[in-house]
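Below you'll find the structure, written out as structure tokens, and then a few comments.
The values are calculated or read from the model by the stated rules, or taken from the named source; none is laboratory data. What you see is a predicted model; the values in this text were computed from it and never measured. We place every Cβ from the backbone using ideal geometry, glycine too, and count neighbours over all the protein chains shown.
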């Protein structure tokens with residue numbers, strides 16, 4: 001049994017920590033996760049359902065929940081051995097498009113927190129995107145002062161291509177502020193999306 005303490009952790013850390021623990025099991029076993037809110041419990045329930053695991057939840061107090069996820073034994077289907085609770089891989093060529101400094105519509109400050117969480121979550125994926133494109137308001141995310149620079153540098157070191165629109169950098173006065181990746185143009189931005197198997201627009 002592996003114990004994961006995710007008390008006080010913001011989304012998506014409880015899910016990411018649990019995924020790492022499930023991978024560490026390497027087969028059958030149990031992961032016990034401590035979280036402090038109902039949303040985290042719901043997220044872990046979906047994770048368990050998606051991975052074919054069983055799950056039990058216990059509310060210990062208003063600020064503490066215990067979630068027990070059990071991975072099944074290896075099973076044989078048509079002669080092939082499959083293990084429950086495996087982490088799926090993404091399509092071969094994924095391009096992520098960031099066109100604003102926030103994620104979603106509504107409150108921009110919340111949107112910035114969500115985008116930072118999304119980029120961190122990308123660093124934890126089994127299958128990484130091939131390219132991340134930044135343009136319009138998204139150009140600032142790769143520049144000095146961005147809260148996501150460490151995560152983008154990590155992605156770059158892992159082989160993810162980080163490209164920022166040069167016209168956008170010029171328009172926002174950020175040409176000398178780029179901190180990670182390379183400057184690109186609209187032809188390449190269009191080309192990368194045309195060649196992609198999947199385009200993500202958070």
Selected residue (criterion: modelled with the lowest pLDDT) from residues of the range 83-136 that are outside any loop (DSSP other than H, G, I, E, B) and loosely packed, with under 15 Cβ neighbours inside 10 Å: 108
Residues satisfying the stated conditions in the range 159-188, i.e. touching a strand residue (DSSP E or B) at 6+ places or on another chain (Cβ under 6 Å), assigned to a strand (DSSP E or B) and crowded, with 18+ Cβ neighbours inside 10 Å: 162, 163, 164, 178, 184
Residue match in the range 13-35 (condition: assigned to a loop (DSSP other than H, G, I, E, B) and at pLDDT 90 or above): no
Test: residue in the range 149-158 that is modelled with pLDDT under 95, under 22 Å from the mean Cα position of the chain (by Cα) and assigned to a loop (DSSP other than H, G, I, E, B): yes
Flag if residue 191 is surrounded by fewer than 17 Cβ atoms within 10 Å (Cβ to Cβ), free of Cβ contacts under 8 Å to residues at least 24 places away in the same chain and touching a strand residue (DSSP E or B) at 6+ places or on another chain (Cβ under 7 Å): no
Some residue of the range 44-58 being within 29 Å of residue 130 (Cα to Cα) and at pLDDT 90 or above: yes
